[in-house]
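Here the structure comes first, spelled out in structure tokens, and everything after it is commentary.
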């Protein structure tokens with residue numbers, strides 16, 4: 001898929017990421033267009049598109065636009081890159097927001113089993129629940145797992161998905177899914193680096209001046225931040241002008 005920058009600044013950073021910079025006003029549309037092209041390419045080449053979505057507020061305008069596109073939604077499976085372990089009616093639950101935006105489309109859903117995990121009585125029971133979930137997902141994306149498309153963002157601390165600085169899960173190269181310790185009042189479940197790196201395509205959506213410093217470090221391959229540890233084979237970064245200003 002050919003990516004054309006709105007400002008002619010399409011280039012490969014550190015031989016890892018293709019950077020596409022859009023105006024602030026056009027960023028969401030540009031990101032939705034690239035997202036849509038990736039879905040169409042995957043369905044055309046492999047007959048389906050299994051996507052892992054990240055949470056947070058950044059992708060909301062992109063998803064709202066994307067949900068209006070005429071795409072082969074019946075061949076799309078929406079999973080999650082990460083999620084907070086909170087009840088479904090919590091404002092912190094990413095899935096409720098994601099489902100609300102795509103609920104009118106003929107997509108298949110395979111979210112993390114958060115409700116079951118919240119009811120688990122032990123770590124062993126949580127492990128069994130995660131293993132059961134992974135068996136379902138592996139039936140779609142294989143073993144080792146290969147998502148057709150993974151959407152990621154980057155936090156002001158350099159985290160991506162729920163891989164945070166200084167946490168064991170960020171360094172976990174054996175498991176495909178893991179749970180974080182409590183952070184800001186709740187634990188999280190997340191895909192790990194071995195899964196993210198194997199994706200057919202990783203699409204980073206980055207906007208806002210508060211992300212500028214970490215975007216620069218991501219593009220430089222800074223391995224001191226979690227996002228900088230990832231080395232997917234095909235990585236596209238859609239950034240707005242505010243995020244792209246490196247000083």
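Just so you know, all these numbers are worked out from the coordinates, no wet-lab data involved. Computed from a predicted structure; not experimentally measured. Every residue, glycine as well, gets a Cβ built from its backbone with ideal geometry; the counts of neighbours run over all protein chains shown.
Miscellaneous remarks
- Inter-part distance where region 141-183 and region 63-137 are each reduced to a Cα centre, Å: 15
- Label-to-label distance for residue 64 and residue 173 is 4.2 nm, based on points extended 7 Å past Cα in the beta-carbon direction.
- Region 197-211 versus region 213-247: alpha-carbon centroid distance in Å: 8
- Rg and Dmax of the chain, both derived from C-alpha coordinates alone, stand at 17.1, 54 Å.
- Gain upon complete extension [residue 120, residue 197; 0.36 nm per residue less C-alpha separation]: 24.7 nm
- C-alpha long axis of helix 123-141 to longest principal axis of the chain, angle in °: 50
- Nearest-ten-degree value, helix 27-46 long axis tilted from longest Cα axis of the chain: 60
- Computed per residue of the chain from DSSP H runs no shorter than four, each worth -39500 (n - 2.57), the mean residue ellipticity at 222 nm is -10000 deg cm²/dmol.
- When the convex hull of its Cα atoms is projected in every direction, mean area for region 132-247 (nm²): 7.5
- Theoretical FRET efficiency, 1/(1+(r/R0)^6), r = Cβ-Cβ of residue 103 and residue 136, R0 22 Å, to 0.05: 0.60
- Histogram of C-alpha separations across region 35-157, 10 Å bin width, %: 12, 42, 35, 10, 1
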